[in-house]
Amino acid sequence: MAADAPLTRRGFLALGAGAGLAVATGCGGGGRGAAPAALPLQPGPMTLDLAGHEAATWGYGTVPGPEIRLRAGDVLRVRLDNGLPEGTTVHWHGLAPPNAMDGVPGVTQDPVGPGGTFLYEFRTPVAGSFMYHAHVGVQLDRGLYGPLVVEPRDEPLSYDGEYVLMLDDWADGVEETGPHTDHGGVPAESAVDPGAPTTVSFGGRTYPLVLVNGHPPDDPPVLEGRPGDRLRLRVMNVAADTGFRFAVAGHPLTVTHTDGMPVEPVTVDVLRLGMGERYDVLVELDRRDGAWQIGIAPEGRRGWGRAVLRYAGSPASSAPPVTAWPAELDGRPAEHADLIAVEPLALPPGRPDRVFDLTLDGTEIGGQSYPDADPLTVAEGEWVRLTLRNTGAKWHPMHLHGHHFQVLTPSGRGPVKDTVAVPARGGVVTVDFLATNPGRWLFHCHNHHHMEDGMVRLVRYGRK
Ligand code: C2O
Ligand code: CU
């Protein structure tokens, strides 16, 4: 099924099968009385309908899981009830909670065993587009993920409707060549960008499908709007092993946020999203009518995902063909250098207190492979700089838990993010962060196979 109801400015829409879980977890919607009941999050085995093919997977009831939506300053209060046959945890990707709430097994908590429960509870002062996902092994590679949106108290943007789009590479229940794995494919050559990451299959796992909010190309989610509307899209790459390009046919994208953090608006044709990255964009519905392809192209590998942008009242016959390739996919992307933080980190004058120069390859960070790796030890309050040098042939989207970092760009006000893709074959990216959230935090490649193979370090510091 595809959600097709427009939503109002203060409303929200989870485009999957699941209902959203708005304010139920917040204390900001109502009074400041008794704490509201915790929202239950129940991972377990389930089936996902992929355009008529029943795929066995694990999920939080729906894929994606229920949308969690809060307002800045609310308390997130979620009770994990584990219905899986193995231990699990939930990580709040992009948020900076107290360390004990970060959901990393063996680092911040023990995995929650089958039948067990765990209460996650912390305040969410920073607005943005985030995600939640399981953080045990490669559970995220299944359907154990969902969107987490924190709205600002006063929204500075004006728009008429909003959609969250979660992009995923998918293998569960379709790994054998089945009726759906050939659908919606595009020739591999057209998906390959010579400078693109090479994301081939790892450990024998290939991903026959690209899903958008749990939907394969044959059953795309439909985004609705009226002529003249401005839509806000929160685009999130939750794939285990695939970077994506994202474009809307006939409609440029105005980037307003990177990983939830505001940037000066910049209009581009196409987004490139590494695993774990999110972009918020505004789309002006300045065409008269029609149904327009939203194309999602894996970087450097075969496959195809899509959604459809439909102007209200347009006939169903105007649907774009499954594989229609928006020319914008080959257009101008948003580069780090184009992106200017609206709220740069409060870095002091002078130089960083601590600098780590780290090479990246598919199993190591700085020549060490987790768990046989030294923590990156810093001190509370320090300005820490990480220079990341990719010496290998594969692209690495690097994610830091518990902090936002600023990407160093010529403007001096590079985007504030929590996940940054470091290009293959000599790519260098430098990020700065402030050590203001003591604890033991993971820094890792968000390619889950690379992570499993040891591309993880801990950043560690205590309270002064
Ligand atoms: Cu989405 Cu350890 O991260
Ligand atoms: Cu990697």
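The values are calculated or read from the model by the stated rules, or taken from the named source; none is laboratory data. Bear in mind the structure is a predicted one, so any value in this text is a computation, not a measurement. A quick note on method: Cβ atoms are made from the backbone with ideal geometry, for glycine too, and the neighbour counts reach across all protein chains shown. Accessible surface is based on the protein model in full, side chains and every heavy atom, while ligands, DNA and RNA are left aside. Shrake-Rupley method; radii C 1.70, N 1.55, O 1.52, S 1.80 Å.
Tabulated data
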{"read-out": "Accessible area (Å², per residue) of the chain, counting only protein heavy atoms and a probe of 1.4 Å", "value": "35"}
{"read-out": "Positive-end residue, the chain charge dipole about Cα centroid, Cβ charges, pick of P217, T258, G362", "value": "T258"}
{"read-out": "Protein accessible area in the range 419-464, 1.4 Å probe - carbon and sulfur %", "value": "45"}
{"read-out": "Gyration tensor (alpha-carbon) shape descriptor, the range 337-464, a/c threshold 1.5", "value": "oblate"}
{"read-out": "The chain, relative contact order [Cα under 8 Å, separation at least 6], %", "value": "14"}
{"read-out": "Rounded, prolate or oblate (a/c below 1.5 giving rounded, otherwise prolate when a/b exceeds b/c) for the range 367-417 by Cα gyration tensor", "value": "oblate"}
{"read-out": "Kirkwood Rh, Cα atoms: Rg over Rh of the chain", "value": "0.94"}
{"read-out": "Nitroxide proxy distance, nm - points 7 Å out along Cα→Cβ at E343 and A316", "value": "4.5"}
{"read-out": "Separation in nanometres of the label points that stand 7 Å from Cα toward Cβ, at V75 and A51", "value": "4.6"}
{"read-out": "Distant-in-sequence amide H partners of Q109 (H built 1.01 Å from N, under 5 Å)", "value": "V104"}
{"read-out": "With every protein chain in place, the range 108-164: carbon and sulfur % of accessible area (1.4 Å)", "value": "54"}
{"read-out": "Estimated FRET transfer efficiency when R0 is 22 angstrom, pair R287-D154 (beta carbons, to 0.05)", "value": "0.10"}
{"read-out": "Computed lengthening from V355 to T323, 0.36 nm per intervening residue step minus Cα-Cα distance", "value": "6.9 nm"}
{"read-out": "The range 54-95 and the range 254-309: distance between their alpha carbon centers, rounded to Å", "value": "24"}
{"read-out": "Cα gyration tensor shape for the range 202-326, rounded if a/c is under 1.5, else prolate or oblate", "value": "oblate"}
{"read-out": "Carbon/sulfur fraction of accessible area - the range 222-289, other protein chains in place, 1.4 Å, %", "value": "44"}
{"read-out": "Computed [θ] at 222 nm, helices only, for the chain once each DSSP H run of length n ≥ 4 contributes -39500 (n - 2.57)", "value": "-500 deg cm²/dmol"}
